[in-house]
Amino acid sequence: MDMKVDKKLGLKERYALMTRDLAWETTYQPMDKVFPQVTYEGIKIHDWNAWEDPFRLTMDAYWKYQAEKERKLYAILDAFNQNNGHLSVTDARYINVLKLFLGSTPPLELMAARGFTNVGRHMVGAGPRVACLMQAVDEYRHFQTQVHSISNYNKYYNGMNEFAHQQSRMWYLSDGKSFFDDAITAGPFEFMVAIGFAFEYVLTNILFVPFISGAAYNGDMAAMTVGFSAQSDEARHMTLGLECIKFMLEQDPDNLPIVQRWIDKWTWRGTRKLASVGMMMDYMLPKRIMSFKEAWEMYFEQNGAALFNDLARYGVKVPKCFVQTVAEKEHVTHQSWIGFYMKPDSTPFHTWIPEKDELDWLSEKYPNTFDKYYRPVLEHFDAQEKSGNRFNNKTAPMNCQVCISTIKFNDPDDPMKTLIRSKTYKGEKFHFCSLHCEEIFDAEPEKYIQAYISSHQVLQGNCAPEGVDTTAPDFEPGAHIAAYWRLDKAATGDFNGSEDQANFAAWRRQATSN
Amino acid sequence: MQLDLRTISIKPLRQTFGHLARRMGADKPASRYIEGTMDLQPVENFHYRPSWDPDFDIFDPRRTAIVMKDWYALKDPRQFFYGAWVLARARMQDAAEADFALVEERGLAAAYPEAGKAVVRSVLLPLRHLAWGANINDSFIGAHGYGIAISQAATYAAMDQLGIAQYLTRLALAFSDIEALAAAKSAWLEAPLWQGLRRYVEDLMVTGDWFEVLVAQNVVLDGLLYPLVYDRLADALDASHGPVVSLLTRFQSEWAGENAKWLDAVIKVAAADSPENAEKLAAWVGQWRARALEAVAPVAEAAFGAEGAAVLAEIAEDLSRRLTKAGLSLGASA
Ligand SMILES: [Fe+2]
Ligand SMILES: [Fe+2]
Ligand SMILES: [Zn+2]
């Protein structure tokens, strides 16, 4: 130890000693057996050392920063819970945002944690391994802080109680589940494009910003803090996703068509998933931040275009679905909300017809579509509801074989027509919500025929709760579906007249009276 | 909107989520560990089979020979959900920071006797690669384990091992000795002293049963190596050369003690679940411990000279006691 070392070892060199210098080429076991996942997708990597670390955090610094954030976050959550913070939200309809968003998101964060652990195990380079593992534990963080933040709401409001049970059973949650199941069952590089790039980079802002600002606008300090705190990790996740794309593209020109296909696929799959986030912005936040259309223009059309401009030097093109998403942005949220409203027995959150001033807001934000197509429908449902004839659609929905969403979106060329595409594969008929989903199917039919589609499962008698004899002669498929879901009757149907509405009003009166 | 809310007490409709009330047998408040852990991993209705392993489901209990009636019985007695884990590590990190600062301020590393430095170079520094190997193996458990109880704990352990590899790197830097890192790396790759250990962790990198990896890597190997190096050797070095190495490796020795509590709880519960489990676990311990002892022996000798074998035998005895207490019946040879 005679050598004098420059104390100011460069940050990059120091970080290399802390990460990639730890790794070695295995010889007792061949590298391709130790890292069996990195070749079969066809991505060619010649030099793992060319990976540019997107951020340079050693574990000691990671623990320190993250602990500071956790301390603050839980202090705010505790205070919020102690002070009945839930009573300061704008009105009780807002809580349905939490039921929808926080009821469906934590299970997906958990899948992200699992997926990044797998990629973190299986990437050959130490640089990407470390970055992916760090994201894996971050995703455990998001998953758990979200569960902890809904925990308190669950004590006072209906519909969040069975989110864990419902994550794999509830019809409308299977689109999100299929999204992450699809990513995690793909190889590590596709996972990185799916989650690291398309989800965390291209779509993350439109997923989280409306939710976080929505929480802030509507007086929900707890959800806002959880969201903001997670966003501070997202900055790292975004740079990782982008670096991964660049790394693949720089390594070999043959990677481009594969990566492009994944970008097309995952941007579209993500877009489909976002319809419900948009619906939350347009219909569910009592105090609105901006319309989904505006958010889409800002975060996807403008920021996304800038990103793809930047990637053009690698030969990457704007995702194929770009044009269709632009055409759909004035429709999807209305179709989604109406779709949910029409099924009052099938969701653990409430729906309602917007108030007059809210309908006016929608007319103003959607001048091309709302008055023409959707306002009349909503007003018609409203009149029916008021005359005691509330619409209730009991027919089984048709689902897209790829994105699993209920087929309800219009033909891009004809807003009055629901688009449905069908094809027969190996003697079986499959349906798609769009050309994009059909193309995804065509690229990997053997994967997508496996999809779990709950409406089919019900008809096949597979959705009976524990303890029901499905072989009994009087067994009726579908009769037990609410029990299979553990769907609490009090959590379903109209907000007006609900237990949530009554409780919130009574508690708030109590807390504000002198 | 700022509302002035009077503090009122409201009777909650329920105390916890349905899945937890059913698990606990009563609707009562659950801890944040329980809320963030129990029964949340999907178990059914998966959409697709993994393209990288189509014989299994995305989450599949058949990835190990161990069978559990309840995978969430493998609870972590430290109750580490993410927040508790980072808080615990940040506290240890704080202490380590102060230790490194003290060593630097007082010039303790520069003044450290050459005989001590030689041991640091030859025995401690190559271990950063071993910790990296442990990180790979623990992330495998995190990626394929069943139930969040075990998979989150293994993932945190993987990060801990990465942290340990980095603390060892910092130790070399504290001694201003970058060249020693390169020498330690070639020793890891080529010197006979390290080949048994390198083969051991590389073989675990291709072992498919994640529970077996947990036993071989965390229970057996760490159970021998950490006490050997971070307790016994650190003490010996302190005694002869002053308390520098134990300061700069305090994280590791504290961590190993804490981690052992988690592992003992896991082994105990898994073994108690069925005689088949207990038998399987004992067989794995027997098989991997024989290999680990052989692999660690030259390291013990490098650290303690002729006494190495005796020191290692004592540590092996301690490990046997730990595992017997956890409910494994280890044969005389094991
Ligand atoms: Fe996340
Ligand atoms: Fe993320
Ligand atoms: Zn579709």
note = Of (1) more than 8 Å from every other protein chain (Cβ to nearest Cβ); (2) closer than 15 Å to residue A:102 by Cα; (3) of a type in the set (Val, Ile, Thr), residue A:147 satisfies every one except (1)
query = In region A:218-239, is there at least one residue being within 17 Å of residue A:111 (Cα to Cα), in a helix (DSSP H, G or I), within 16 Å of ligand 3 (Cβ to nearest atom) and touching a residue at least 60 places away in the same chain (Cβ under 8 Å)?
reply = no
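Tell me which residues, restricted to region A:121-162, are polar (S, T, N, Q) and within 16 Å of ligand 1 (Cβ to nearest atom). Don't jump to the end; show me each part of the working.
From region A:121-162, those polar (S, T, N, Q) are A:135, A:144-146, A:149, A:151-152, A:154, A:158, A:161; that's our starting set.
Across region A:121-162, the qualifying residues are A:135, A:144, A:145, A:146, A:149.
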inquiry  = For the structure I just gave you, tell me whether residue A:264 is crowded, with 18+ Cβ neighbours inside 10 Å, closer than 17 Å to residue A:189 by Cα and under 21 Å from the mean Cα position of the chain (by Cα).
reply    = yes
inquiry  = Going by what's in this entry, would residue A:118 be described as more than 10 Å from ligand 1 (Cβ to nearest atom), of a type outside the set (D, E, K, R), touching a His at 6+ places or on another chain (Cβ under 9 Å) and under 30 Å from residue A:244 (Cα atoms)?
reply    = yes
inquiry  = Can you pull out every residue in region A:36-51 that is under 28 Å from the mean Cα position of the chain (by Cα) and exposed (fewer than 14 other Cβ atoms within 10 Å of the Cβ)?
reply    = A:40, A:42
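Here's the yes/no breakdown for (1) at pLDDT below 95; (2) crowded, with 24+ Cβ neighbours inside 10 Å; (3) over 26 Å from residue B:65 (Cα atoms):
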{"site": "B:155", "(1), (2), (3)": "no, yes, no"}
{"site": "B:161", "(1), (2), (3)": "no, yes, no"}
{"site": "B:169", "(1), (2), (3)": "no, no, yes"}
{"site": "B:178", "(1), (2), (3)": "yes, no, yes"}
{"site": "B:182", "(1), (2), (3)": "no, no, yes"}
{"site": "B:192", "(1), (2), (3)": "no, no, yes"}
{"site": "B:209", "(1), (2), (3)": "no, no, no"}
{"site": "B:217", "(1), (2), (3)": "no, yes, no"}
Members of region A:101-128 found to be crowded, with 23+ Cβ neighbours inside 10 Å and not in a helix (DSSP H, G or I), listed by number = A:123
query = On the given criteria, is residue A:404 more than 16 Å from ligand 2 (Cβ to nearest atom), at positive phi and either assigned to a helix (DSSP H, G or I) or buried (at least 19 other Cβ atoms within 10 Å of the Cβ) (or both)?
reply = yes
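If you scan region B:144-153, which residues turn out to be closer than 16 Å to residue B:212 by Cβ, touching a Ser or Thr at 6+ places or on another chain (Cβ under 9 Å) and crowded, with 24+ Cβ neighbours inside 10 Å? Can you show your working first?
Restricting attention to region B:144-153, the residues satisfying the condition of being closer than 16 Å to residue B:212 by Cβ are B:144-146, B:150-151.
Still in the list and also touching a Ser or Thr at 6+ places or on another chain (Cβ under 9 Å): B:144-146, B:151.
Within region B:144-153, B:144, B:145, B:151 meet the criteria.
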ask   = In the set A:375, A:269, which member is within 14 Å of chain B (Cβ to nearest Cβ), touching a helix residue (DSSP H, G or I) at 6+ places or on another chain (Cβ under 9 Å) and not in a loop (DSSP other than H, G, I, E, B)?
value = A:269
inquiry  = If I filter region A:89-100 for residues that are closer than 30 Å to residue B:192 by Cβ, outside any loop (DSSP other than H, G, I, E, B) and within 12 Å of chain B (Cβ to nearest Cβ), do I get at least one hit?
reply    = no
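Against the condition at the interface with chain B (Cβ under 7 Å from one of its Cβ atoms) and outside any helix (DSSP H, G or I), how does residue A:168 come out, does it pass?
Details: at the interface with chain B (Cβ under 7 Å from one of its Cβ atoms): yes; outside any helix (DSSP H, G or I): yes.
Yes.
Please enumerate the residues belonging to region A:487-514 that are touching a His at 6+ places or on another chain (Cβ under 9 Å) and closer than 14 Å to residue B:5 by Cβ. If you could, list the steps in order and put the result at the bottom.
Taking region A:487-514 and keeping what is touching a His at 6+ places or on another chain (Cβ under 9 Å), we get A:491-496, A:498, A:500-501, A:504, A:507.
Hits for region A:487-514 are A:504, A:507.
Name the one entry in A:182, A:175 that is surrounded by 24 or more Cβ atoms within 10 Å (Cβ to Cβ) and within 16 Å of ligand 3 (Cβ to nearest atom). If you could, list the steps in order and put the result at the bottom.
Values: A:175 fails: surrounded by 24 or more Cβ atoms within 10 Å (Cβ to Cβ).
The unique qualifying residue is A:182.
Quick one: would you say residue A:247 is within 16 Å of ligand 2 (Cβ to nearest atom), under 28 Å from residue A:65 (Cα atoms), away from every other protein chain (no Cβ under 14 Å) and part of a helix (DSSP H, G or I)?
On the way: within 16 Å of ligand 2 (Cβ to nearest atom): no; under 28 Å from residue A:65 (Cα atoms): yes; away from every other protein chain (no Cβ under 14 Å): yes; part of a helix (DSSP H, G or I): yes.
In short, no.
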inquiry  = Please count how many residues of region A:309-360 are assigned to a loop (DSSP other than H, G, I, E, B) and buried (at least 17 other Cβ atoms within 10 Å of the Cβ).
reply    = 19
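Looking only at region A:251-266, decide whether some residue is of a type in the set (Asp, Glu), assigned to a helix (DSSP H, G or I) and farther than 30 Å from residue A:40 by Cβ.
Residues of region A:251-266 that are of a type in the set (Asp, Glu), as a first pass: A:252, A:254, A:264.
Filter once more, keeping what is assigned to a helix (DSSP H, G or I): A:264.
Going one step further and asking which of them are farther than 30 Å from residue A:40 by Cβ, we end up with none.
No, region A:251-266 contains no residue that is of a type in the set (Asp, Glu), assigned to a helix (DSSP H, G or I) and farther than 30 Å from residue A:40 by Cβ.
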remark   = Note on residue A:495: of the conditions (1) more than 14 Å from every other protein chain (Cβ to nearest Cβ); (2) out of contact with any helix residue (DSSP H, G or I) (no Cβ under 7 Å at 6 or more places or on another chain); (3) touching a residue at least 60 places away in the same chain (Cβ under 8 Å), unmet is (2)
remark   = Across (1) touching a residue at least 40 places away in the same chain (Cβ under 8 Å); (2) more than 17 Å from the chain's Cα centre (by Cα), residue B:105 clears everything bar (1)
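Look through A:461, A:497 and report the one residue that is at pLDDT 95 or above, more than 16 Å from ligand 3 (Cβ to nearest atom) and assigned to a loop (DSSP other than H, G, I, E, B). Working first, answer last.
On the way: A:461 fails: at pLDDT 95 or above.
Residue meeting the stated conditions: A:497.
Table: residues versus (1) at pLDDT below 90; (2) over 24 Å from the mean Cα position of the chain (by Cα).
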position: A:395; (1), (2): yes, yes
position: A:405; (1), (2): yes, no
position: A:425; (1), (2): no, yes
position: A:431; (1), (2): no, no
position: A:437; (1), (2): no, no
position: A:452; (1), (2): no, no
position: A:477; (1), (2): yes, yes
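The values are calculated or read from the model by the stated rules, or taken from the named source; none is laboratory data. Quick caveat: nothing in here was measured; it's all calculated off a predicted structure. Heads up, the Cβs are rebuilt from the backbone with ideal geometry, glycines too, and the neighbour counts pull from every protein chain shown.
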